[in-house]
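This report concerns only the one structure given below.
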């Protein structure tokens, strides 16, 4: 029987999709992509995602690969009928935050991680990182307020959704990358609603299982450690 096929590398954006697959209890095949060896730039991988980025999901029974984290999450939630609301009012709130996480928070994190790719002047990298860091801090304060106002543990209140998985992974990465210049956990701890969400998510068996598949153990989302080496 055909199953979904997830292309992955440890602690890359595929982590979000893997967490969703585990929470939705979806069978899948994991295909390791050797990023250090340049596998993202090989012709066979570029046929899956011409951007040379992760994640890629080839859905069961389909030939066309899916890429873009937010798009894959939306596809899985709609296909499986879980981790996303169906009611129109809640649906609007869901889409608003999904696009915010994808187009704003995650996009700014990429600039923070790879600032040298966004300027032709090496001397401008520190200033660029500092400016983006301020934006990321502001994004997290905004999200913390939204969680507090939702009257529940999650971004949508009492309903766990793919938003929470995406958010937690972004907060994790913000504290790890780039090494030596990452966000300190002390910046996040005063954000009580966000901290509560991260703690609750880290206690879910499906999330622990998904993270373990990528070599991620111990503290998952608050003051995390890098994944252990594979093998």
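Residue 224 falls short on exactly one of the conditions (1) in a helix (DSSP H, G or I); (2) crowded, with 20+ Cβ neighbours inside 10 Å, and that condition is (1).
The numbered conditions (1) surrounded by fewer than 17 Cβ atoms within 10 Å (Cβ to Cβ); (2) in contact (Cβ under 8 Å) with a residue 12 or more places away in the chain; (3) outside any helix (DSSP H, G or I) are all true for residue 199 except (3).
A single entry from 39, 30, 13, 2 fulfils the requirement of being in contact (Cβ under 8 Å) with a residue 40 or more places away in the chain, surrounded by fewer than 18 Cβ atoms within 10 Å (Cβ to Cβ) and in contact with a helix residue (DSSP H, G or I) (Cβ under 9 Å, 6 or more places away or on another chain): 30. Residues in segment 74-90 that are at pLDDT 95 or above, surrounded by 13 or more Cβ atoms within 10 Å (Cβ to Cβ) and part of a helix (DSSP H, G or I): 74, 75, 76, 77, 79, 80.
Looking for something surrounded by 19 or more Cβ atoms within 10 Å (Cβ to Cβ) and under 16 Å from the mean Cα position of the chain (by Cα) - is there at least one such residue anywhere in segment 121-135? No, segment 121-135 contains no residue that is surrounded by 19 or more Cβ atoms within 10 Å (Cβ to Cβ) and under 16 Å from the mean Cα position of the chain (by Cα). The listed residues are 117, 135, and the only one of them that is more than 17 Å from residue 4 (Cα to Cα), assigned to a helix (DSSP H, G or I) and in contact with a helix residue (DSSP H, G or I) (Cβ under 7 Å, 6 or more places away or on another chain) turns out to be 135. Within segment 35-73, the residues that satisfy the criterion of being more than 20 Å from the chain's Cα centre (by Cα) and assigned to a helix (DSSP H, G or I) are 39, 41, 43, 44, 45, 46.
Are any of the residues in segment 148-171 surrounded by fewer than 18 Cβ atoms within 10 Å (Cβ to Cβ), over 15 Å from the mean Cα position of the chain (by Cα) and part of a helix (DSSP H, G or I)? Taking every residue of segment 148-171 in turn, at least one turns out to be surrounded by fewer than 18 Cβ atoms within 10 Å (Cβ to Cβ), over 15 Å from the mean Cα position of the chain (by Cα) and part of a helix (DSSP H, G or I).
The values are calculated or read from the model by the stated rules, or taken from the named source; none is laboratory data. Values in this document were obtained by computation on a predicted structure and should not be read as measured data. Note that each Cβ is placed from the backbone with ideal geometry, even for glycine, and that neighbours are counted across all protein chains shown.
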